[in-house]
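Values in this text are rule-based calculations from the coordinates and carry no lab data. No experiment lies behind these values; they were computed from the predicted model shown. Here the Cβ positions follow ideal geometry from the backbone for every residue, glycine too, while neighbour counts run over all protein chains shown.
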Amino acid sequence: MKENIQTLKKWIDESDNIVFFGGAGVSTESGIPDFRSVDGLYQQKYKYPPETIVSHTFLTQKPEEFFEFYKEKMVAPALNAKPNRAHKKLAGLEAMGKLKAVITQNIDNLHQDAGSVEVLQLHGTIMKNYCNRCGKKYDVKTVLESKGIPKCECGGTIRPDVVLYEEGLDTDVMEKAIRYIQDADLLIVGGTSLVVYPAASLIRYYKGDRLALVNLSSTGQDQYADLVIHEKIGEVFSEV
Ligand code: ZN
């Protein structure tokens, strides 16, 4: 085992107040594409980059195209995916009483599917949806199986409880995430390049001396970490 992974293992063994903060990389190992990475597929079929489509303006002005992309590229892949080694390890650490919370930027349900209970989803979840007129709640199946724009009985549009571009984060979830990070003695950050707001700013709240960054490529925050591991998060978690 490599020395830096050994160090992480030691830190995990010694801690009973671990917080994990994860990004898209945690889900890509389950086969969910990072919708921010524009690949050929998107360009063949969609006229706009994902950042443009997954925005408040687009949902309002071009709902047909929003929901076509959203259902095909975001909901369907997420529902077909299975938790990987990272999800399972984190759920196990929580069950042992060592991990207090998973904070994620992902909108899929894989942490919960793996058995995690305290999951803070900064960007919301595909599982919850509501009518933008009457507020009635709907499950993800209703949205996925709808033809075109999902409609409520009242005639309103059913939208996902997901934070779109141009929309603000839920302040309650943010405050809770900050508290967990402030109180943690080991903060593991994984599968995020830490460039998308609020990831980079959130880890600044950590006050301890055991900040571990696990990401395949280097991040803009590597210099602030006490331990840096440039490997896939799932592989690292299978060893610790
Ligand atoms: Zn309604």
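So which trypsin sites (Lys or Arg not before Pro) in the range 70-168 end up in coil per DSSP with only 11 or fewer other C-beta atoms within 10 Å? Listed in order of number, the matching sites are Lys147.
Step by step: find N for the range 10-110, compute 2.2 N^0.38 Å, then divide the Cα radius of gyration by it. What's the final number? All intermediate terms of the calculation are to be shown ahead of the outcome.
On the way: Rg = 16.9 Å, N = 101, 2.2 N^0.38 = 12.7 Å.
Compactness ratio reported: 1.33.
Taking the chain as a Gaussian network of alpha-carbon nodes connected by springs under 10 Å, the highest mean-square fluctuation of the residues Asp185, Asp161, Asp13 belongs to Asp13. With both partners inside the chain, how many of the DSSP beta bridges are antiparallel, as a percent to the nearest 5? Percent antiparallel among DSSP bridges in the chain is about 30. As a ratio to 2.2 N^0.38 Å, the alpha-carbon radius of gyration computed for the chain takes the value 1.04.
So what is the 222 nm mean residue ellipticity for the chain from helices alone, if each DSSP H run of at least 4 adds -39500 (n - 2.57) and you divide by all residues, rounding to the nearest 500 deg cm²/dmol?
Numbers: 13 runs with 91 residues, N = 240.
Calculated from helices alone, the mean residue ellipticity at 222 nm is -9500 deg cm²/dmol.
Between helix 85-95 and the chain there is an angle of about 70 degrees, using the helix long axis and the longest principal axis of the Cα atoms.
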